[in-house]
Amino acid sequence: MSVNWKAFVNQISHYQSFVLVSHIRPDCDALGSELGMAEVLRAIGKDVRIINAHRTPPALSFLDPAGNIDVLGDSVEAADVTADCIMILDTSAWAQLGDMGDVIRASRADKIVLDHHVGEDDLGATMYKDYQAEATGQLVVQAADALKVPITRTMGVPIFAAIATDTGWFRFPSVTSETYRVIARLIDVGVVPSEVYGDLYERDTIGRLKLRGLILSRTTAEMDGTLVHTYVNKEDFEHCGAAPNDTEDSINLTLAVRGTQAAVIFVGQMRGGFKLSFRSRCGMDCNEVAQQFGGGGHKAAAGAFLEGTLDDVQGRVLPVVREALAKALT
C-alpha cells in the first residue's frame, strides 16, 4: 500500500492551521516525524503546533532544542487544541494516543493519519499509509517532495533519527536502497550521523546501564534457544535510578543471542500493567501476535499493553508466542 501523494497535497492545501500529534511514550520516529513535518508545513506558510499526551523523554530532548513540542495538561489544555486539521503521525490506534485521543474525538477539525503501521482503528481520519515504509520519517521526506519543499538540516536531523532508529541503524530487513538514498540526501544538507548517534547512544546514565544489565540478567531462552524473553518490574526503575524510557532498544539486545528467532520483553508501567514488545527475525508475524492483546505494529516488531501481574501477563502471552513461533518454524 503506497500513499496517494496527489490527494495528500490537495487535502493539505485546504487548511491553514495544523496540530500534529503522535503516540504515547514517543520514540524517535514519533518525535522526528512530528518535528520534520512541522518544518515542512511551515515552509509552505502553514501554522503548526505539536501537542503530545506524554512529555518528550529527556534522552530525546536534543531533537527539540527549541522546545517546540507542547504537552497536553502541562503546557496546553484540551480546550486550547484548535486547528483546521489534526495530523496524527506514526500511529493509527486509539489506545496509542492516550489523553490526546479524547481531544481528537471531541475536535471538529479534519483528521489526517500519516503512518507505516499495519494495524489501524477508525480514527475518523483520512489515511495516508504505506506498510512497506521503514519509518514514518521516510513518509515525511516523501511528503516534503510531494509538496515541493526542499529538505533542510533543521528537518533533516529529526528525520534522520526517525529512520535510523526505526531500522535499528539500518540492520532491519525493512531497509532498501531507497533508505540509503534518502539518508544521503539528509547528509548532503548537513546531518552528521555520528553526532546523532552520539546524542542517542553515548549519553547513557548509570541508571540506564544498571537497568539494561538487570534486563539482560533476566533473559530466559526456550524452544531450543529460538525464543528469548525478559522483563522489568516498575519498581526496578527506582531501584536502578532509571527512567521509564531507558528500556528503549533493550529487546533488540536479546536478538543478538545466537539462534534467537523471536523475543519478548515485559515492561512494568508506573500506572500498573505491562507494556509488551515483540520482535521476530523469522516468519512469526509480531503484528498478528500483538493484535491478540489489543496492540499492533509490524511483522517484525509490534507492541501491546495488558493489565495484570507479571505472572498473569506472562501466562497469557508466552503460550501465544510459543504457538506462533512453532508454526513459523515448521
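The values are calculated or read from the model by the stated rules, or taken from the named source; none is laboratory data. What you see is a predicted model, and the numbers here were worked out from it, not measured in a lab. Here the Cβ is made from the backbone with ideal geometry for all residues, glycine too, and neighbour counts use every protein chain on show. In case anyone asks, the SASA skips ligands and DNA or RNA and just uses the protein heavy atoms, side chains included. Shrake-Rupley method; radii C 1.70, N 1.55, O 1.52, S 1.80 Å.
Things to note:
- Over region 254-307, Cα pairs under 8 Å with separation of 6+ residues give a relative contact order of 29 percent.
- GNM remark for the chain: springs join alpha carbons under 10 Å apart, and the peak mean-square fluctuation among Val81, Val157, Val257 falls on Val257.
- The chain: DSSP helices with Cα axial extent of at least 20 Å and average Kyte-Doolittle hydropathy no lower than -1.0: 28-43, 310-329
- Radius ratio Rg over Rh of region 174-330, counting only Cα atoms, Kirkwood formula for Rh: 1.01
- Ordering of 117-123, 241-247, 173-179, 140-146 by burial proxy (mean other Cβ atoms within 10 Å per residue, highest first): 140-146, 241-247, 117-123, 173-179
- Computed P(r) (all Cα pairs; region 125-164; 10 Å bins; percent): 28, 54, 18, 0
- Here the label points at Ile44 and Ser13, each 7 Å from Cα along the C-beta direction, are separated by 0.9 nm in the simple model.
- Net dipole in debye of the chain [+1 Lys, Arg Cβ; -1 Asp, Glu Cβ; about Cα centre; nearest 20]: 580
- The mean sequence separation of alpha-carbon pairs under 8 Å and at least six residues apart, normalised by the residue count of region 3-112, gives a relative contact order of 33 percent.
- Theoretical gain in end-to-end length, Ala106 to Arg218 [0.36 nm per residue, Cα-Cα removed]: 36.0 nm
- DSSP bridge orientation in the chain - percent antiparallel, rounded to nearest 5: 40
- Burial order of peptide ranges 40-47, 29-36 (average beta-carbon count within 10 Å, highest first): 29-36, 40-47
- Per residue, the accessible area of the chain comes to 44 Å² when a 1.4 Å probe rolls over the protein heavy atoms.
- Here region 152-181 is scanned for amide nitrogen atoms under 16 Å from the site 7 Å beyond the Cα of Ser2 along Cα-to-Cβ, giving 176-179.
- Counting only lysines at least 8 places from Lys148 when in the same chain, those with an alpha carbon closer than 17 Å to its own are Lys6, Lys46.
- Relative to the compact-globule estimate of 2.2 N^0.38 Å, the Cα radius of gyration of the chain comes out at 0.97.
- Residues whose amide H lies under 5 Å from that of Leu123, counting only those 5 or more places away or on a different chain, are absent; hydrogens are built 1.01 Å from N in the peptide plane.
- Of all aspartates and glutamates in the structure, those lying under 18 Å Cα to Cα from Lys111, and not within fewer than 8 positions of it along the same chain, are Glu34, Asp47, Asp80, Asp84, Asp90, Asp99, Asp102, Glu120, Asp121, Asp122, Asp130.
- Rounded percent of accessible protein surface that carbon and sulfur make up, the chain, 1.4 Å probe: 50
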